[in-house]
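The values are calculated or read from the model by the stated rules, or taken from the named source; none is laboratory data. These numbers come from a predicted model, not from an experiment. Here the Cβ is made from the backbone with ideal geometry for all residues, glycine too, and neighbour counts use every protein chain on show.
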Amino acid sequence: MSYVTSEQFAQLLLRNGFSERTKLKYPDDHAQITAGQYDPSLHSRAFKYGKLFVIHFEQSQLRGVNGFFGFQSTVLNNGQVKSILAYTKLPNHTKTAVQNRCRNILDLEKEYNRIKALEGTSLGMTDQKIIEVFESVSLPEPASS
């Protein structure tokens with residue numbers, strides 16, 4: 001399954017602790033969205049997690065900002081969405097380790113896979129936490145058509 005700027009992806013973020021900040025960032029779009037006229041190709045939205053992490057839906061572009069550690073894409077796959085949600089659930093000291101190991105938030109899945117390949121060896125607490133949190137994230141089953 002892939003994720004794009006959509007109401008479905010917005011609801012997934014909201015269910016996982018993000019709060020909508022569209023009213024503050026894009027007030028004109030917020031008025032139309034709350035009137036039930038959300039068109040992902042025309043409107044922008046913003047979702048915030050914690051103090052620094054914001055995901056912007058800018059028409060068809062997804063842009064995540066967390067200081068200098070963010071991402072930009074038009075489509076996200078399941079692993080990338082799991083990376084975003086897992087990142088938000090990591091303790092701060094583990095987030096710092098992830099930022100040192102990965103180019104951006106979406107690379108958390110690659111880091112998880114690298115650690116899983118070493119699972120027979122003795123893993124440090126940071127690696128164990130990454131595995132535990134990444135595996136705890138579950139995504140909804142795709143809607144059948």
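At-a-glance table
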{"quantity": "Qualifying positions in the range 53-102 - under 16 Å from V4 (Cα atoms) and among the basic types (K, R)", "calculated": "R63, K82"}
{"quantity": "Neighbours by Cβ (under 7 Å, 6+ apart or cross-chain): first from the range 110-130, within 19 Å of Y87 (Cβ to Cβ); second modelled with pLDDT of 90 or more and among the polar types (S, T, N, Q)", "calculated": "T126/T94; K129/T94; I130/T94"}
{"quantity": "Filtered residues of the range 54-77 (kept if assigned to a loop (DSSP other than H, G, I, E, B) and not hydroxyl-bearing (S, T, Y))", "calculated": "Q59, N66, G67, F68, F69, G70, V75"}
{"quantity": "Residue match in the range 65-82 (condition: farther than 24 Å from Q128 by Cα, buried (at least 19 other Cβ atoms within 10 Å of the Cβ) and either more than 15 Å from the chain's Cα centre (by Cα) or touching a residue at least 24 places away in the same chain (Cβ under 8 Å) (or both))", "calculated": "yes"}
{"quantity": "Complete set of residues in the range 11-53 that are of a type in the set (A, V, I, L, M, F, W, C), without any contact (Cβ under 8 Å) to a residue 60 or more places away in the chain and either over 22 Å from G70 (Cβ atoms) or not in a loop (DSSP other than H, G, I, E, B) (or both)", "calculated": "L13, L14, L24, A31, I33, A35, L42, A46, F47, F53"}
{"quantity": "Extreme residue, nearest to the chain's Cα centre (by Cα), among residues of the range 38-64 that are under 24 Å from E109 (Cα atoms) and of a type in the set (A, V, I, L, M, F, W, C)", "calculated": "I55"}
{"quantity": "The lone exception for M125 - which of (1) loosely packed, with under 13 Cβ neighbours inside 10 Å; (2) under 26 Å from P140 (Cα atoms); (3) among the hydrophobic types (A, V, I, L, M, F, W, C) it fails", "calculated": "(2)"}
{"quantity": "Search result, residues across the range 86-143 that are assigned to a helix (DSSP H, G or I) and among the aliphatic types (A, V, I, L, M)", "calculated": "A86, A97, V98, I105, L106, L108, I115, A117, M125, I130, I131, V133"}
{"quantity": "All positions within the range 1-10 that are in a helix (DSSP H, G or I) and surrounded by fewer than 16 Cβ atoms within 10 Å (Cβ to Cβ)", "calculated": "E7, Q8"}
{"quantity": "Single residue of A35, A31, A10 found to be under 15 Å from the mean Cα position of the chain (by Cα) and among the small types (G, A, S)", "calculated": "A10"}
{"quantity": "Every residue from the range 102-122 that is loosely packed, with under 14 Cβ neighbours inside 10 Å and among the hydrophobic types (A, V, I, L, M, F, W, C)", "calculated": "A117, L118"}
